[in-house]
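Peer 1: Submitted below is the structure of interest, expressed as structure tokens.
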Amino acid sequence: MPELPELAAFSAYVKTHCLHKTITDVTTSDSKVIHGALSAFKKGLIGKQFSHTERMGKYLVIDLPDDKKLAMHFGLTGSLVYTKNDAESVRFSVVQFIFKDGSVLHWTSIRKFGKLWLLGSLQEDKFLKKLGPDALKISLAEFLSAAEKNKSKNCKAFLMDQAIIAGIGNEYSDEILFQAGIDPHHAMKDLSKNTLTILYKEMHTVLTYACTVRIKSIKKNKENFSMEKDRDAFKASYLQAHRHVDMVCPKNKNHKLKKSTIAGRTSYYCPEDQI
DNA sequence: GGTAATGTTAGACT
DNA sequence: TAGTCTAACATTAC
């Protein structure tokens with residue numbers, strides 16, 4: 001689930017609860033999610049403070065002293081949960097950052113596909129280095145030129161390719177294509193310049209709106225927020241509330257959504273409104 | 001109990 | 001060679 005808007009919410013969450021507090025310990029129930037040796041990871045964090053955090057695509061990058069950084073990726077099922085004390089048990093908590101005041105930031109994950117690692121600079125990391133421009137920062141000109149370079153690529157695969165545009169995953173690619181009225185089966189070369197411009201604009205509109213929804217819900221819940229429970233937070237004209245649920249097209253109640261595998265992923269779309 | 005699941009990557013394939 | 005596609009990863013929920 002964690003795509004660009006969720007990452008924006010995680011970033012806001014860390015800023016609200018975790019900055020400028022000394023880390024007294026780092027514990028984990030499964031060190032394989034930590035890149036490199038656990039001892040080095042702990043050593044790099046204990047006694048330090050988070051000074052700032054930013055989202056980069058689907059990665060969260062937290063600043064530490066001396067230009068060091070902590071990077072997190074959430075995989076399919078990752079989240080963050082902050083608790084005021086270390087006695088509270090948190091479901092699927094895998095890594096715990098314990099602060100001096102007794103509060104804890106839990107990096108949670110059901111399937112443990114995500115990863116955490118320390119890096120000296122952004123440039124040294126092979127994953128971050130491979131990221132394309134952020135979906136909310138890419139210009140229309142860059143977007144159009146990327147479309148030209150990836151003519152034969154399927155449009156949904158294009159949106160989800162982190163090396164082309166960073167931050168979009170399966171759910172939001174469906175939502176963006178739905179709002180743009182584009183059939184997800186198309187290759188990029190099938191789309192006119194005019195259609196590509198609509199796609200670009202919808203990418204912005206959908207992601208910006210989703211960011212406000214996610215940030216609002218993370219603030220409302222303060223601690224222990226869950227995004228899964230918040231599907232209904234999206235307005236009715238969005239696919240979010242209908243996929244998986246009633247399968248009714250938000251644009252026309254007489255249309256039924258279709259589920260099929262496109263670009264290797266489970267996709268939901270309206271065969272009548274997306275052409 | 002079988003199946004699918006919101007991400008990424010290595011390796012296979014064309 | 002380069003672009004594109006598929007299987008695998010680990011675990012849970014339905």
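The values are calculated or read from the model by the stated rules, or taken from the named source; none is laboratory data. This one's a predicted model, so the numbers in the text were calculated from it and none came from an experiment. For neighbour counting, all protein chains shown are included, and Cβ atoms are generated from backbone atoms with ideal geometry for every residue, glycine included.
Peer 1: Which is of a type in the set (S, T, Y), in contact (Cβ under 8 Å) with a residue 24 or more places away in the chain and part of a strand (DSSP E or B), of A:T24, A:T16? Please lay out each step first, then the result.
Peer 2: Working: A:T16 fails: part of a strand (DSSP E or B).
Answer to the check: A:T24.
Peer 1: For the stretch A:59-85, which positions are loosely packed, with under 15 Cβ neighbours inside 10 Å and among the charged types (D, E, K, R)?
Peer 2: Result: A:D66, A:D67, A:K84.
Peer 1: Give just the number: which of (1) under 26 Å from A:K259 (Cα atoms); (2) within 13 Å of DNA strand C (Cβ to nearest atom); (3) not assigned by TED's automatic domain parsing to the domain that holds A:L80 does A:I110 not satisfy?
Peer 2: Tallying (1) under 26 Å from A:K259 (Cα atoms); (2) within 13 Å of DNA strand C (Cβ to nearest atom); (3) not assigned by TED's automatic domain parsing to the domain that holds A:L80, A:I110 fails exactly one: (3).
Residue by residue, here is whether (1) part of a loop (DSSP other than H, G, I, E, B); (2) within 14 Å of DNA strand B (Cβ to nearest atom); (3) loosely packed, with under 15 Cβ neighbours inside 10 Å; (4) not hydroxyl-bearing (S, T, Y) holds:
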{"residue": "A:W107", "(1), (2), (3), (4)": "no, no, no, yes"}
{"residue": "A:W117", "(1), (2), (3), (4)": "no, yes, no, yes"}
{"residue": "A:I182", "(1), (2), (3), (4)": "yes, no, no, yes"}
{"residue": "A:T205", "(1), (2), (3), (4)": "no, no, yes, no"}
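Peer 1: Hey, can you tell me all the residues within the stretch A:27-56 that are touching a residue at least 60 places away in the same chain (Cβ under 8 Å) and assigned to a loop (DSSP other than H, G, I, E, B)?
Peer 2: Once the filter is applied, which keeps residues that are touching a residue at least 60 places away in the same chain (Cβ under 8 Å) and assigned to a loop (DSSP other than H, G, I, E, B), the stretch A:27-56 yields A:S29, A:D30, A:H35, A:G36.
Peer 1: Let me ask something else. Kindly provide the set of residues from the stretch A:66-81 that are within 16 Å of the chain's Cα centre (by Cα) and either without any contact (Cβ under 8 Å) to a residue 60 or more places away in the chain or within 11 Å of A:W107 (Cβ to Cβ) (or both), ordered by number.
Peer 2: A:A71, A:M72, A:H73, A:F74, A:G75, A:G78, A:S79, A:L80, A:V81
Peer 1: On to the next question. Within the stretch A:153-174, is even one residue more than 13 Å from DNA strand B (Cβ to nearest atom) and either assigned to a strand (DSSP E or B) or surrounded by fewer than 17 Cβ atoms within 10 Å (Cβ to Cβ) (or both)?
Peer 2: Within the stretch A:153-174, one or more residues are more than 13 Å from DNA strand B (Cβ to nearest atom) and either assigned to a strand (DSSP E or B) or surrounded by fewer than 17 Cβ atoms within 10 Å (Cβ to Cβ) (or both).
Peer 1: Look at the stretch A:64-92 and say how many of its residues are part of a helix (DSSP H, G or I) and either modelled with pLDDT under 90 or charged (D, E, K, R) (or both). Spell out how you get there, then give the answer.
Peer 2: To start, the set of residues in the stretch A:64-92 that are part of a helix (DSSP H, G or I) comprises A:65-67.
Restricting the remaining residues to those that are either modelled with pLDDT under 90 or charged (D, E, K, R) (or both) gives A:66-67.
Residues flagged as part of a helix (DSSP H, G or I) and either modelled with pLDDT under 90 or charged (D, E, K, R) (or both) within the stretch A:64-92 amount to 2.
Peer 1: Specify which of the listed residues (A:L64, A:L76) is over 20 Å from A:A210 (Cα atoms) and either of a type in the set (F, W, Y) or not assigned by TED's automatic domain parsing to the domain that holds A:A163 (or both). Full working, then the answer.
Peer 2: Numbers: A:L76 fails: over 20 Å from A:A210 (Cα atoms).
Answer to the check: A:L64.
Peer 1: Return the residues of the stretch A:184-199 that are surrounded by 21 or more Cβ atoms within 10 Å (Cβ to Cβ) and more than 16 Å from DNA strand C (Cβ to nearest atom); say none if nothing qualifies.
Peer 2: Listed by number, the list holds a single entry, A:L199.
Matching residues to (1) modelled with pLDDT under 90; (2) within 16 Å of the chain's Cα centre (by Cα):
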position	(1), (2)
A:V94	no, no
A:T108	no, yes
A:K115	no, yes
A:Q123	yes, no
A:I138	no, no
A:K151	yes, no
A:Q162	no, yes
A:I168	no, yes
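Peer 1: Let me ask you something else. Quick test for you: out of A:V95, A:V61, pick the one residue that is in a strand (DSSP E or B) and away from DNA strand B (no atom under 16 Å from the Cβ).
Peer 2: Answer to the check: A:V95.
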